[in-house]
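Beneath this line is the structure, given in structure tokens, with notes to follow.
Rule-based calculations on the coordinates, nothing more; no lab input. None of the values given here were measured: they were computed from a predicted structure. Virtual Cβ from ideal backbone geometry, glycine too; neighbours counted across all protein chains shown.
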Amino acid sequence: MERNIILIGFMGAGKTSVGKKLAQKTGLPLLDTDKLIEQQEKTTVSRIFETRGEEAFRKAETDLLKSLLKKKESVIISAGGGLPLKEENQTILKKLGLVVYLKIQPDTVLKRLKGDTTRPLLQGGDVKERVTTLLTRRAPIYQRAAHITIEADYKTLNQIAEEITTLYTIQGGTK
Ligand code: S3P
């Protein structure tokens, strides 16, 4: 297994915030798949969904993951919420390193993402229903795609990052 730490989970699970904390603790750089795609495509995720559709975005995610396999140095990767859904991506994720699922309940998503305009899948209509439906469908997939699951609703960033670094160290990564 490569020595990366990959954070997966639903929108609002705290992948970026936990990633930043982990970066501080481990000294490893943090990569965010959404941000990398935005840099590559020179536009926002919302704009890609709008102009080229979700499929184009999903293809960009898989291409990016494949390119990350070639990286020599260890990194922390915050993966977009829909990235682990494709089977092909799940295989790549597990090859990349320790895959951690940050599990949260629908109410936590709604609380954290109230008023958010950057997630195209959560715009308009009954957001509560959409979050619940998507999360129910995705939860078992995230679980399968990950090596470990952390219940993240009521833990501090520090607690979550500690749990992850402990496991990472046990499994031979640098602390
Ligand atoms: C998505 C999650 C988003 C982003 C895109 C689609 C999803 O990333 O990739 O809006 O399908 O769950 P975050 O999980 O970082 O919000």
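If the condition is being among the charged types (D, E, K, R), exposed (fewer than 15 other Cβ atoms within 10 Å of the Cβ) and without any contact (Cβ under 8 Å) to a residue 12 or more places away in the chain, then the stretch 117-175 contributes Asp126, Glu129, Arg137.
Figure legend. Inter-residue proximity from the stretch 71-92: first residues among the β-branched types (Val, Ile, Thr), second residues within 11 Å of the ligand (Cβ to nearest atom), beta-carbon distance below 6 Å, spacing 6+ or different chains. Indicated pairs: Ile76/Gly19.
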